[in-house]
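The next block holds one structure in the form of structure tokens; read it before the comments.
A short reminder: the numbers here are calculations on the coordinates, not readings from a lab. From a predicted model like this one, the values you see are computed outputs, not experimental measurements. Using ideal geometry, Cβ is built from the backbone for each residue, glycine included, and neighbour counts are taken over all protein chains shown.
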Amino acid sequence: MDTLITTTCPRCGGVELTPPDVALVRSPREGLAWYVFDCTGCASRVAKDAPPAVALALLRADVRLWTLPAEVLEREFGPPIKVDDVLDAVLALQGDCDVVALAERAAA
């Protein structure tokens, strides 16, 4: 018999899913995880917290695991990159340039 995962949809109530219907998303921050699925009743995308016991049960049921890259948790430093910044970078890289020197100059 195939594994069934029982959970709830905020609109439809109880739903039964199979492991391919569910994805567990794990954050690089320990203990932070959630799972997502498309409800079979209303077709809504649902995301629910996955405390450690739930995450372990889902892993044992062989659901897909997505691990967020650590960069997701990085803080922003400096202003956002603008279109002009990208164009300047493209022009600089088209010529004969020392990429390391450019990076050091930008960091200064």
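Descriptive notes on the structure:
- Computed from the C-beta positions of residue 71 and residue 8 and an R0 of 22 Å, the FRET efficiency is 0.10 to the nearest 0.05.
- Over the Cα atoms of segment 1-63, the radius of gyration divided by the Kirkwood radius equals 0.96; this is the Rg/Rh ratio.
- Computed magnitude of the charge dipole of the chain (debye, nearest 20; Cβ of K, R +1, Cβ of D, E -1): 600
- With the convex hull of its Cα atoms as the shape, the chain has an orientation-averaged projected area of 11.4 nm².
- Distances between placed amide hydrogens fall under 5 Å for residue 50 paired with 33, 34, 35, all partners being 5 or more residues away or on another chain.
- Note: relative contact order over the chain, using C-alpha pairs below 8 Å and six or more positions apart, is 21 percent.
- Using the rule -39500 (n - 2.57) for each DSSP H run of four or more residues, divided by the residues of the chain, the 222 nm mean residue ellipticity is -8000 deg cm²/dmol.
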